[in-house]
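The values are calculated or read from the model by the stated rules, or taken from the named source; none is laboratory data. Keep in mind that what you see is a predicted model, and the values were worked out from it rather than measured. Here the Cβ is made from the backbone with ideal geometry for all residues, glycine too, and neighbour counts use every protein chain on show.
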Amino acid sequence: MKDRQNPIKTGEKRSHIIKKQGLFAYALKTPCDIMVVHVILTKKGVHVMKIGVLTSGGDSPGMNAAVRAIVRSAEGYGYEVYGIRDGYRGLVADDMVVLDHKSVSGMLSRGGTFLGTSRLPEFKDEDVRKIAIENLRKRNISVLVTIGGDGTYRGAMELTRMGLKTIGLPGTIDNDIAGTDFTIGFHTAVETIVDAIDKLRDTSQSHRRCSIIETMGRKCGDLALFAGICGGAEFIITPEHQVDKDIIIDELKKHKAEGRRHAIIVVTEKQFDVHALAEEISEKSGFSSRATVLGYIQRGGSPSPEDRILASRMGSYAVDLISDGIFGVCVGVHDSRMIHMPFAHVIDQPRPKNDLYKLVKKVS
Ligand code: F6P
């Protein structure tokens, strides 16, 4: 209340804090309220802080919600946001567009990434990264927010080493990033997989079959683990929890002898040739078996409420970090709290084995 009556004082206070970080802020009184505009003071004069944002690597539901949160939160600080098209490719090709309040309207519920994404192996080359940094400097974009997985973080860490101010947001369905309990898109992908398991159970039950469902996840089994538990799978096979083929077949024989009508096996990609496994199960276990590879449908779809909230919180938190002058870090959620840490603490770091594995044997 006091601040509203004396808006300039609020601005002065803020400017005092921000000056310490090499930034300068002033307060404007608008008809409805106060707006604090952050500007950067350089030798060439004063200009508004500009943030670039890109999505990179495999798309994930909620990436759009994160971009929306960044744009809208940045607006509150008076920052300008540039959307970079197709991930690091657009950064190198100087393919960027100004994003304002209106350009992200309707994006909260949209799957995929409206900015586009790509994988750019050439970004490992320092000369290519120099072009990217130069393109940002040309437009006075001083901060880059990258949304993606491990490869995206690696690119951002290299840019940080080269002097660029960066922030990373974990956007991948795989949930394979250390330093966060959940990544943006994971919960939606789990829902998609559970929906598929429920449907496959119907037909498996009718035909007395064993259904094998292959999920994505790369080196992380969380998609198979969470969806397998939600879908009541008899077996969950992941990089962290491998099960020998012969043990599966022996168990299935027992299930058959007990008179069970069907079985569900959820397996992370690259653990088995699932079609060959289905054939072997059909030959040896007494269950006829079929394999379904869910593939790219796991990456699509409107983000779940959980992912919309996570993406909105993370996007907004990233802008708060920028206003606090904190860079070279990636955002995470731990025990429902927003956290951040340097890229180096996250990249290539192992994640502890999920406690949910203890549940698998008990409830299957
Ligand atoms: O986004 C991660 C991921 O979904 C992995 O689970 C999967 O292995 C990979 O992407 C496939 O990506 P693409 O074929 O698009 O390169």
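Results, tabulated for the structure shown:
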| quantity | calculated |
| --- | --- |
| Residues (of a type in the set (Lys, Arg) and either within 16 Å of the ligand (Cβ to nearest atom) or farther than 20 Å from ALA196 by Cα (or both)) located in the stretch 277-297 | LYS284 |
| Matching residues in the stretch 181-194 - criterion: being more than 15 Å from the ligand (Cβ to nearest atom) and either in contact with a helix residue (DSSP H, G or I) (Cβ under 9 Å, 6 or more places away or on another chain) or on the phi > 0 side of the Ramachandran plot (or both) | GLU191, VAL194 |
| Hits in the stretch 268-304 - residues which are hydrophobic (A, V, I, L, M, F, W, C) and out of contact with any Ser or Thr (no Cβ under 7 Å at 6 or more places or on another chain) | PHE272, VAL274, ALA276, LEU277, PHE287, ALA291, VAL293 |
| Failed condition for ASP222, given (1) in contact with a strand residue (DSSP E or B) (Cβ under 7 Å, 6 or more places away or on another chain); (2) within 16 Å of the ligand (Cβ to nearest atom); (3) not polar (S, T, N, Q) | (1) |
| Residue list for the stretch 96-116, restricted to those being closer than 23 Å to GLY155 by Cβ and either of a type in the set (Ser, Thr, Tyr) or buried (at least 16 other Cβ atoms within 10 Å of the Cβ) (or both) | MET96, LEU99, GLY112, THR113, PHE114, LEU115, GLY116 |
| Long-range neighbours under 7 Å by Cβ, at least six apart or interchain, first residue away from the ligand (no atom under 16 Å from the Cβ) within the stretch 165-178, second among the hydroxyl-bearing types (Ser, Thr, Tyr) | LYS165/SER142; THR166/THR146; THR166/THR160 |
| VAL274, sole failed condition from (1) more than 16 Å from the ligand (Cβ to nearest atom); (2) more than 26 Å from the chain's Cα centre (by Cα) | (1) |
| Residues that are of a type in the set (Phe, Trp, Tyr) and either closer than 22 Å to ARG261 by Cβ or more than 16 Å from the ligand (Cβ to nearest atom) (or both), drawn from the stretch 225-250 | PHE235 |
| Per-region count, the stretch 317-346, residues among the hydroxyl-bearing types (Ser, Thr, Tyr) and either in contact (Cβ under 8 Å) with a residue 60 or more places away in the chain or at positive phi (or both) | 2 |
| Close pairs (7 angstrom Cβ cut-off, 6 or more residues apart or separate chains): crowded, with 19+ Cβ neighbours inside 10 Å in the stretch 122-136, of a type in the set (Val, Ile, Thr) anywhere | ALA132/VAL92 |
| Leading residue by the ranking (nearest to SER60 (Cα to Cα)) among those in the stretch 195-219 that are of a type in the set (A, V, I, L, M, F, W, C), away from the ligand (no atom under 16 Å from the Cβ) and buried (at least 22 other Cβ atoms within 10 Å of the Cβ) | ILE197 |
| Strands (runs of 3 or more DSSP E) contained in the stretch 1-113 and holding at least 1 residues modelled with pLDDT of 95 or more | 50-55, 80-84, 96-99 |
